[in-house]
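The values are calculated or read from the model by the stated rules, or taken from the named source; none is laboratory data. All figures in this text were calculated on a predicted structure; none of them were measured in a lab. Cβ coordinates were reconstructed from backbone atoms using ideal geometry, including for glycine residues, and neighbour counts include every protein chain displayed.
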Amino acid sequence: MIRIISLDMDGTLVKSRFVDKVWMEGMPMLYAEKTGIDFSAAKEYVVGEYMKIGSDHLEWYDLLYWINKFGLDIGKHEILQMYEDEIETYPEVQEVLDRLSENYDLVVTSNAAREFMDIELDGLSDYFRETFSATSDFREVKKSPLIYGAVCAHMNARPFEVLHIGDHYHYDYESPLEAGLDALFLDRKGERSGLEVVGDLREAVELIDGFM
C-alpha cells in the first residue's frame, strides 16, 4: 500500500532553464567580467573546468566551490537570485500536487544541491513533508539505492510503501526499484514505452489512482 510519493525536481517538477542559466550563462558571464575576456571564451573555459571535475564528484554540484575556483566576488544566493525569474514548473504540476496531496504524503528526492532546491521549490514547499538532496544531505553524487533506503528510513516507511517518480531512467526508475520502492519513469520526450512509463505527471496520477 503506497502512502508516500517521492518526486524528482529538475525535469520532473521544474523545467531545467533556471539551472542551465545559472551554470551556462551566469557563471561564464561573471568570469568574463572578472577577467575582461569575451563571453564565448569565458564560457569555453568555465565549461571546460566543469568537465575536468565531472558529475561523479561532489564539487560538480557545489556552487560555492565554483565561485571560489573562479575567484568571483559574489555569494551563491546572489547568483541564484539573478535568474530566479527563469524558474518555471511544468503546466500540470500544481494540479497534480493538489490531487496527490489529498491521499499521500509527498517528498522531493533530488540530486540538486540544497540551495537550488530551496529556491526552485519556494512556491511549492507547502506540498512536501520533506525534501532530500542527495548531494547536500547525503554527500552522494547520484541517487543510489542507498539514498532511497535512507529516505524511507527517515520517513519511517518500508520501501514498498513509497513510490518515486522522475525523469532519469537509471537514477529515478531503476535505482528506486532496486531499493524495493515502486517507481514510474517520466518520459516527457516520448522515447520509451511500457506500463510504468508516463508522458507527464497527469498520466502518473491516473496510473496511481487506477492501480495503487
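For region 68-79, indicate whether the set of residues that are charged (D, E, K, R) and touching a Ser or Thr at 6+ places or on another chain (Cβ under 7 Å) is non-empty.
No: zero hits.
In this structure, does H168 turn out to be of a type outside the set (V, I, T), buried (at least 18 other Cβ atoms within 10 Å of the Cβ) and under 21 Å from D209 (Cβ atoms)? Give the steps one after another, and end with the answer.
Numbers: of a type outside the set (V, I, T): yes; buried (at least 18 other Cβ atoms within 10 Å of the Cβ): yes; under 21 Å from D209 (Cβ atoms): no.
So H168 fails the test.
Which of the residues spanning region 1-23 are part of a strand (DSSP E or B) and within 17 Å of R129 (Cβ to Cβ)?
Scanning region 1-23 gives I4, I5, S6, L7.
Can you name every residue in region 131-177 that is touching a helix residue (DSSP H, G or I) at 6+ places or on another chain (Cβ under 8 Å), under 20 Å from V198 (Cβ atoms) and at pLDDT 95 or above?
Correct list: Y148, V162, L163, H164, I165, G166, S175, P176.
Have a look at E86, E102 and point out the one that is of a type outside the set (G, A, S) and in contact with a helix residue (DSSP H, G or I) (Cβ under 6 Å, 6 or more places away or on another chain).
None of the other options fit; the residue is E86.
Can you pull out the residues in region 60-108 that are assigned to a helix (DSSP H, G or I), buried (at least 18 other Cβ atoms within 10 Å of the Cβ) and in the same structural domain as F128 (by TED's automatic domain parsing)?
V93, V96, L97, L100
Filter region 58-98 down to the residues that are under 30 Å from G210 (Cα atoms) and either in contact with a Lys or Arg (Cβ under 9 Å, 6 or more places away or on another chain) or small (G, A, S) (or both) and list them by number.
If the condition is that a residue be under 30 Å from G210 (Cα atoms) and either in contact with a Lys or Arg (Cβ under 9 Å, 6 or more places away or on another chain) or small (G, A, S) (or both), then E88, T89, Y90, E92, E95, V96 are the ones that fit.
Show me the helices (runs of 4 or more DSSP H) entirely contained within region 109-212 in which 2 or more residues are in contact with a strand residue (DSSP E or B) (Cβ under 7 Å, 6 or more places away or on another chain).
In region 109-212, the matching helices (runs of 4 or more DSSP H) lie at 114-120, 145-154, 175-178, 201-211.
Consider L181 carefully, then state whether it is over 14 Å from the mean Cα position of the chain (by Cα) and either without any contact (Cβ under 8 Å) to a residue 12 or more places away in the chain or closer than 18 Å to V108 by Cβ (or both).
Spelling it out, L181 is indeed over 14 Å from the mean Cα position of the chain (by Cα) and either without any contact (Cβ under 8 Å) to a residue 12 or more places away in the chain or closer than 18 Å to V108 by Cβ (or both).
In the set S193, S175, which member is surrounded by fewer than 18 Cβ atoms within 10 Å (Cβ to Cβ), over 15 Å from V107 (Cα atoms) and polar (S, T, N, Q)? Before the answer, list the steps.
On the way: S175 fails: surrounded by fewer than 18 Cβ atoms within 10 Å (Cβ to Cβ).
That would be S193, the only listed residue that is surrounded by fewer than 18 Cβ atoms within 10 Å (Cβ to Cβ), over 15 Å from V107 (Cα atoms) and polar (S, T, N, Q).
Give me the pairs, please: first residue somewhere in region 44-59 and assigned to a helix (DSSP H, G or I), second residue anywhere and surrounded by fewer than 12 Cβ atoms within 10 Å (Cβ to Cβ), beta-carbon distance under 7 Å, and either six or more positions apart or on two chains.
L58/R139
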